[in-house]
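The values are calculated or read from the model by the stated rules, or taken from the named source; none is laboratory data. Everything quoted here is computed from the prediction, not taken from an experiment. FYI the Cβ positions are ideal-geometry reconstructions off the backbone, even for glycines, and counts take in every protein chain you see. Keep in mind that these areas ignore ligands, DNA and RNA; they rest on the heavy atoms of the full protein, side chains included. Shrake-Rupley method; radii C 1.70, N 1.55, O 1.52, S 1.80 Å.
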Amino acid sequence: MSLIKEQDYGTPARPGEATVSVEIDGKTVLVPEGTSVMRAAAEAGIDIPKLCATDSLEPFGSCRLCLVDIDGRKGSPASCTTPCTPGMKVRTQTPKLAELRRGVMELYISDHPLDCLTCPTNGDCELQDMAGVVGLREVRYGFDGENHLDLPTDSSNPYFDYDASKCIACSRCVRACDEVQGTFALTLEGRGFATKIAAGAGGSFMESDCVSCGACVQACPTATLQERTVVELGMPTRSVLTTCAYCGVGCSFKAELRGDEVVRMVPYKDGKANEGHSCVKGRFAFGYASHPDRQLKPMVRERITDPWREVEWGEAVEYVGKRMLEIQAGHGAGAIGGITSSRCTNEEVYAVQKMVRAAFGNNNVDTCARVCHSPTGYGLKQTYGTSAGTQDFKSVEKADVILVIGANPTDAHPVFASRIKRRLRQGAKLIVADPRRIDLVRSPHIEAQHHLRLMPGTNVALINAMAHVVVTEGLVDREFVAERCEDFDEWERFISGPEHSPEAVEEITGVPAADVRAATRLYASAPNATIMYGLGVTEHSQGSTMVMGMANLAMATGNIGREGVGVNPLRGQNNVQGSCDMGSFPHELPGYRHVSDDAVRNVFETLWGRTLQSEPGLRIPNMFDAAIDGSFRALFVQGEDIVQSDPNTKHVTAALSAMDLVVVQDLFLNETSKYAHVFLPGTSFLEKDGTFTNAERRINRVRPVMAPKTGKHEWQIVCEIAQAMGYPMKYDDAAQIMDEIAITTPTFAGVSFAKLDQVGSVQWPCNDNAPEGTPIMHIDGFVRGRGRFVDTVYVPTKERSTRKFPLILTTGRILSQYNVGAQTRRTGNSAWHPEDLLEMHPHDAEVRGVRDGDTVSLTSRVGETSLRVKIDDRMPVGVVYTTFHHPVTGANVVTTEHSDWATNCPEYKVTAVEVALRNPTPATAAPAMAE
Amino acid sequence: MTTTHTPPHIRLANEISAQFQQRDPAAAAQEIAQHIQSFWDPRMRAKLIADAGAPGSGLDPLAVAAAALLPPAVHG
Amino acid sequence: MTASGQVATVYVPRDSAARSVGADEVADAVAAQAGRPVRVVRNGSRGMLWLEPLVEVETPAGRIAYGPVAPEDVEGLVAAGILDGATGHPLCLGPTEDIDWLRDQTRVTFARVGVVDPVSAEDYVAHGGLSGLRRALSLSPAQVVAEVTESGLRGRGGAGFPAGIKWKTVLEAGSELKFVCCNADEGDSGTFADRMLMEGDPFTLIEGMTIAAWAVGASEGYIYVRSEYPDAIDTLRAAIGTAYDQGWLGKRVLDSELSFDLFVRVGGGAYICGEETSMLESLEGKRGMVRAKPPIPALEGLFGKPTVVNNVLTLGSVPMILADGPAAYADLGVGRSRGTQVFQLGGNIARGGIVETAFGITLGDLVGRYGGGTRSGRPVRAVQVGGPLGAYLPTSRFDLPMDYEAFAAADAMVGHGGVVVFDDTVDMAGQARFAMEFCAAESCGKCTPCRVGAVRGVEVIDRIVAGVDREKNLKVLGDLCDLMTEGSLCAMGGLTPMPVKSALAHFPDDFATTTTEEGR
């Protein structure tokens, strides 16, 4: 396999039906109106020399290499900035043009180091390529003129260098930062010959607003902006197309390797989720996969107080099988269970739930989505009939109003955030509902029309008020509702009640009624309005209600079933959607079909040769409760650090301590493995073979770039445990697992590895009705038939601020770190976020005598931890915020047992706390975890 | 620091019931029962049914009514 | 009848050129030493800069001029009775309008400059101000555009693009929001007409922009003035304030349907911001950097909206065209260069200043008849017309008529009408080098031919002059000039070779090696 090189058409594709026909070098080309001469030529297979043009950026016209001859035009226009007009006749190669192009290259090379042979990008440099293309043989200016060869290199970024001596001032990096990423961190400073790239106000990249997304590195045509790994390891020699294993955006990457060593991860232009863009995690933070902390051999111990003993695979698997059977023999079939991971592939997750259902003989399988997006599954299924978002990411390009609720895309879903920001810069309007002033509210060239700064825990009151305005101000799309929905009249009566008016709930939400009304009018009267939401919606005691509330609002305004609209969960982890799809919930078989459905069960029973239980099993919190009361005694945990990530740490550790067997399958020893009896080493995404399904239901291939460092694929281990328990379970490869999923699950009927290799990716449902998949759902009707309006009563959480705990703690993520940090903390990303900080409003800090950087104790009624304070008026008064990326912080030591009424999704977003100044000591481990 | 524990099945049943307070009690009980039947492990349902009969369980009356509609739970 | 004891009206220019030679002190001296009540009017300059400070006294026979007046001359002038229009003093120049230098001009755009009090609304109206706007508002926008087209008015910034065609494009562009932008970033060396109009008759520019706004459907206007013109900025701001007070700007201009808001924006000192697209970038708050065209500003200009971008003199000519009708303007001039041009005589010249006259006057006439030859008294050797990027012409080309096309045919350009004279001590290789140096210093840095080429140009000329591989380097210089002309993104890089090539063509001996000093 060799390096994959996508074709660069020079300028972006222009949408549109109308076409123009032009003649280029005698070839007739038909292109959409507005297409540049350069792109039209590229489509006709004619490459025009270029340096400042690349098809991810708007044309700029600075390098002057792409000059062409056009009949009837004076001079030599630049083909990148010249749009095709009907009948245009273009010549791209004439002696005069050749002369001009050589002249330009001569100038470039007169101010460029002549170190090609020792340059890290030798062979992958557009400047070098162009010198060859134009036939530059001599630089008549010599090399002793004024130049930039002595400019210093900025190595402040952990991942890439900026070597100014190699810069050709093409501005591609600056434009990528502006147009692709939308951060506007880079600029040109100086004039004329002194023009150079500067980060921010001229400091280093690290000191600037740079978010290290890599777009500049990607755009640079020379070695000026260069991954340090390329400098250190040399140019890669082959690429493997795969999918990022961080957030739910699911970016496609080319893993570029030398031998089996990953040199760099390069975003793949034809990847539908990211279209060539990336963020600091996916692009650069892959070093954890080869981190020395990785445990590569299985380990076993009788008691959790014993030291670990490394064993061979056979012994570990036999031990697990034997102990599981013994526990079932002693305590019943329902005494064991498993948890699947949203970080694992669909195939790995499917294997675990199959092991639980067929080999364990129960439905005690749950997934870490329980603690993030289970209310999405419930709420959207109740209202629309399917447990998934309605749109593809691209749809946002057609949105006129974007309503972001309880999501922080620039940190948690950065690549999609860039798409949102681009649309906003084009003029779409933005409404943000969030207690914090997240970056989207105001950032370069972006400003939300409305920031509805609600108190944590009052989402439902707010969404009801918005629906109330829609219904009482005549903003309902009556035609849509009549044609497509049911139970509207009853809901209309419910929501019209005066108790839902913005004025009535103003005191609850803290949002001025006039703002709610104005924002609602904006949303409801837009041609296309879309809702994007995150865990700020789901992780509440009314998470499911809120999901249904948003579904109601979108239906009532007719914002469902076409591009630019919809209700879209931004999934936290790479495969949240997939792990849910794969039957990870205790009440559902793959494809969200209830275990009580005889016909569905029959499909699996026939194929698996076992009778399946028709009753739902235990959810994760139920497992902990059952463990404490003694009826649940063994747990298989796939790739999730439940001790760090689940709420009320003390409760979790008590449950785990009470169990007879805890099996952890993970990359690293973690907080949970402290309570484990068996550790089964897992594989990183670079070793996995399978698929991830992203937040837009897109099934992407994850291709192994190296063999499992552990010697076995995770699904193989699962199969072997099942076999050790007497259940025959075997696949030759991951493709066979997907084939089984396709056979058993109608929404996946058309999916296979072969198909994905052929078309790149598909969005489920993918079957005979939709062989190419389904980018947008509910177009001709809701999956459940009619969209159902559900009365969404606002039931306040029981978690209230009190005199003892007067502040509300809410939690979230930061750009550079990911979840519990197991991966990102083992990369250079910690340069940006070495510790979790407690953000608090200056007023709340002042009254407690807390200054920026002080260490404070954070106490709730269930626990206490300590961390340092960052004073920031992005917080509202009365609300504090922290991240949970570092185990030392133990943010979940303080979170409570409250959970979503329908799904038990924990209420991470609302905890009553108090903050007090500590003696200046370094942050310490949380008491519960130090034991 | 300790938490005074309401047994989880009681707390959960009450939280579900709270969502249906505005509905007609009979219909609400039906929906609550259906929800519990769909999502709860049989051993939790069994506890609920057992406690629903007992005075002082702390169960919401709607939850009690719903429990009465649940079929006897069989352990999986 | 003016008699001793009555209030005399004395004009002392406020123009910064006059102030730079002591006009403020002269004005103070007049007020202090008059010995009787005087009204000192701070008018614009008449444009005879070698006579500044030029003091004028109102008499029944018209204004009598005295100059150049130093503050210490005032006492003697007063004593000589100039407040009553006495003509006996040696500094007396007679009636201003009879000074042949002024009398022989055709002042259209500059008709009121030096005549009126620049910030007096009454004065403006009394001298025919607003009649163009009133007439325009009585016409449809399309009719106004047609009249501007008919007048033959071409962009005075240098490119000479027909104003009417540009306006028509903007008029026909579909957009709720359109702009009129005035390019007052007058950065060409040897040019000062924009400044003198803004300081001497700002209402004319305001009126011109308001007419443009009506003609194209714009609601907002910006005047982009270079920061080096603080007096012009102050005068414009004062005049705009007055115009709002008078109902000439703002909502319902002159009780018409037109609403037009006008703002002054101050540049940051970059020559390139005189290039229209860079100016737009700068107006948007960005780095002054040239945009590739298309899209043209008329369709996607300021903030991406249809925008008229015209020079001060272009917009300043519009009120007269509308007031007197397009034919009156079109009757002046030659060929496709219609109307008048406001020439600016500078450099080593005896009588520098403003000469507004119809196109067609010869270069020799301007330099000789008006300019009076060099100030040094030595023979004229070269004249650079059209700013620092214009061609250097030898006296053998003094027959050239001032006409866009005739100049273009002579590998030269009229540009913004700046005429800079050099005597026979000039080193033309040094001037060619300066052109490249200027470009290197002022290039926006966007396109390669300009950004890198100008620096290499300086180096190559140095090598030529030093006698290093002379023939080879002359070829390199020629190739570089071709590349910059053909390959640059904007006129900055594209025109830089013009002075270089003209110097090479007309004064080749100056490029001989410095070791051989012959040929001077």
Hits in segment C:467-499 - residues which are within 8 Å of another protein chain (Cβ to nearest Cβ), open to solvent by 30 Å² or more (accessible area, probe 1.4 Å) and within 24 Å of A:Phe60 (Cβ to Cβ) = C:Asp482, C:Glu486, C:Leu489
Quick one: which helices (runs of 4 or more DSSP H) sit completely within segment A:254-354 and have at least 2 residues that are in contact with a Ser or Thr (Cβ under 9 Å, 6 or more places away or on another chain) and of a type in the set (A, V, I, L, M, F, W, C)?
-> A:280-284, A:346-354
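Going by what's in this entry, would C:Ala432 be described as within 14 Å of another protein chain (Cβ to nearest Cβ), of a type outside the set (S, T, N, Q) and farther than 30 Å from C:Val334 by Cβ?
Numbers: within 14 Å of another protein chain (Cβ to nearest Cβ): no; of a type outside the set (S, T, N, Q): yes; farther than 30 Å from C:Val334 by Cβ: yes.
Against the criterion (within 14 Å of another protein chain (Cβ to nearest Cβ), of a type outside the set (S, T, N, Q) and farther than 30 Å from C:Val334 by Cβ), C:Ala432 does not qualify.
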If A:Thr187 satisfies every condition in (1) assigned to a strand (DSSP E or B); (2) under 14 Å from A:Ala219 (Cα atoms) but one, which is the exception?
-> (2)
Which one of these is open to solvent by 70 Å² or more (accessible area, probe 1.4 Å), in the same structural domain as C:Leu91 (by TED's automatic domain parsing), outside any helix (DSSP H, G or I) and at pLDDT 95 or above: C:Arg46, C:Arg39?
-> C:Arg39
Just checking, which of C:Gly372, C:Gly390 is part of a loop (DSSP other than H, G, I, E, B), open to solvent by less than 20 Å² (accessible area, probe 1.4 Å) and modelled with pLDDT of 95 or more?
-> C:Gly390
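Name the residue, out of C:Arg63, C:Arg36, that is more than 23 Å from C:Leu197 (Cα to Cα) and among the basic types (Lys, Arg).
Working: C:Arg63 fails: more than 23 Å from C:Leu197 (Cα to Cα).
It is C:Arg36.
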Just give me the residues in segment C:11-27 being closer than 19 Å to C:Ser120 by Cβ and crowded, with 23+ Cβ neighbours inside 10 Å, in sequence order.
-> C:Tyr11, C:Val12, C:Pro13, C:Arg14, C:Asp15, C:Ala18, C:Ala23, C:Ala27
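Tell me, which residue of segment C:35-62 that is under 26 Å from the mean Cα position of the chain (by Cα) and of a type in the set (Lys, Arg) is nearest to C:Val113 (Cα to Cα)? Step through it out loud before you land on a result.
First, the residues of segment C:35-62 that are under 26 Å from the mean Cα position of the chain (by Cα): C:41-56.
This time we only want the ones that are of a type in the set (Lys, Arg), so: C:42, C:46.
Working: C:Arg42: 11, C:Arg46: 6 Å.
Residue satisfying both the conditions and the ranking: C:Arg46.
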Is it true that C:Gly316 is buried (at least 20 other Cβ atoms within 10 Å of the Cβ) and among the small types (Gly, Ala, Ser)?
-> yes
Could you identify the single residue in A:Val516, A:Val537, A:Val547, A:Val565 that is touching a helix residue (DSSP H, G or I) at 6+ places or on another chain (Cβ under 8 Å), outside any helix (DSSP H, G or I) and open to solvent by less than 10 Å² (accessible area, probe 1.4 Å)?
-> A:Val565
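For segment C:449-466, check the following and say yes or no: at least one residue is within 14 Å of chain A (Cβ to nearest Cβ), within 26 Å of C:Ala193 (Cβ to Cβ) and in contact with a Cys (Cβ under 8 Å, 6 or more places away or on another chain). Give the derivation first.
Just the residues of segment C:449-466 that are within 14 Å of chain A (Cβ to nearest Cβ), to begin with: C:449-464, C:466.
Restricting the remaining residues to those that are within 26 Å of C:Ala193 (Cβ to Cβ) gives none.
No, because not a single residue in segment C:449-466 is within 14 Å of chain A (Cβ to nearest Cβ), within 26 Å of C:Ala193 (Cβ to Cβ) and in contact with a Cys (Cβ under 8 Å, 6 or more places away or on another chain).
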Residue under evaluation C:Gly158, criteria (1) under 14 Å from C:Gln341 (Cβ atoms); (2) assigned to a helix (DSSP H, G or I), criterion not met = (2)
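Of the residues C:Gly415, C:Gly519, which is at pLDDT below 95, under 28 Å from C:Arg375 (Cβ atoms), buried (at least 17 other Cβ atoms within 10 Å of the Cβ) and away from chain A (no Cβ under 14 Å)? First the steps, then the outcome.
Numbers: C:Gly519 fails: buried (at least 17 other Cβ atoms within 10 Å of the Cβ).
Going through C:Gly415, C:Gly519 in turn, the sole match is C:Gly415.
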The number of residues in segment C:1-36 that are outside any loop (DSSP other than H, G, I, E, B) and either over 19 Å from C:Asp123 (Cα atoms) or without any contact (Cβ under 8 Å) to a residue 12 or more places away in the chain (or both) is 15
The strands (runs of 3 or more DSSP E) lying wholly within segment A:372-454 that contain at least 3 residues that are of a type in the set (Val, Ile, Thr) are A:401-405
Among (1) of a type outside the set (D, E, K, R); (2) open to solvent by less than 50 Å² (accessible area, probe 1.4 Å); (3) out of contact with any helix residue (DSSP H, G or I) (no Cβ under 6 Å at 6 or more places or on another chain); (4) more than 14 Å from chain C (Cβ to nearest Cβ) - the single one A:Thr94 does not satisfy | (4)
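Filter segment A:143-173 down to residues that are charged (D, E, K, R) and within 11 Å of another protein chain (Cβ to nearest Cβ) and give me whichever is farthest from A:Ala831 (Cα to Cα). Full working, then the answer.
Within segment A:143-173, the subset charged (D, E, K, R) is A:144, A:146, A:150, A:154, A:161, A:163, A:166, A:172.
Restricting the remaining residues to those that are within 11 Å of another protein chain (Cβ to nearest Cβ) gives A:144, A:146.
Working: A:Asp144: 40, A:Glu146: 37 Å.
Checking each candidate, the answer is A:Asp144.
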Hey, A:Asp780 without any contact (Cβ under 8 Å) to a residue 12 or more places away in the chain, surrounded by fewer than 13 Cβ atoms within 10 Å (Cβ to Cβ) and assigned to a loop (DSSP other than H, G, I, E, B) or not = no
Among what's in segment A:790-838 and is open to solvent by less than 40 Å² (accessible area, probe 1.4 Å) and without any contact (Cβ under 8 Å) to a residue 60 or more places away in the chain, pick the residue that is farthest from the other protein chains (Cβ to nearest Cβ).
-> A:Ser830
Extreme residue, farthest from the other protein chains (Cβ to nearest Cβ), among residues of segment A:862-880 that are acidic (Asp, Glu) and under 29 Å from the mean Cα position of the chain (by Cα) = A:Asp872
Looking at segment A:460-472, is at least one residue surrounded by fewer than 19 Cβ atoms within 10 Å (Cβ to Cβ) and more than 19 Å from A:Tyr794 (Cα to Cα)?
-> no
Report, by residue number, each residue of segment A:402-443 that is among the β-branched types (Val, Ile, Thr) and open to solvent by 20 Å² or more (accessible area, probe 1.4 Å).
-> A:Thr410
When segment C:113-128 is checked residue by residue, the ones that are touching a Gly at 6+ places or on another chain (Cβ under 9 Å) and open to solvent by less than 10 Å² (accessible area, probe 1.4 Å) are C:Val113, C:Gly114, C:Val116, C:Pro118, C:Ala121
Residue check for A:Val565: within 28 Å of the chain's Cα centre (by Cα) and either within 14 Å of chain B (Cβ to nearest Cβ) or at pLDDT 95 or above (or both) = yes
Might you let me know whether segment C:280-288 holds any residue that is in a loop (DSSP other than H, G, I, E, B), modelled with pLDDT under 95, within 24 Å of the chain's Cα centre (by Cα) and not aromatic (Phe, Trp, Tyr)?
-> yes
From the option list B:Arg23, B:Arg43, single residue qualifying as facing chain A (nearest Cβ under 9 Å), more than 17 Å from A:Tyr378 (Cβ to Cβ), open to solvent by less than 40 Å² (accessible area, probe 1.4 Å) and not β-branched (Val, Ile, Thr) is B:Arg43
Which ones in segment A:461-489 are in a helix (DSSP H, G or I), of a type in the set (D, E, K, R) and over 33 Å from the mean Cα position of the chain (by Cα)?
-> A:Arg478, A:Glu479, A:Glu483, A:Asp489
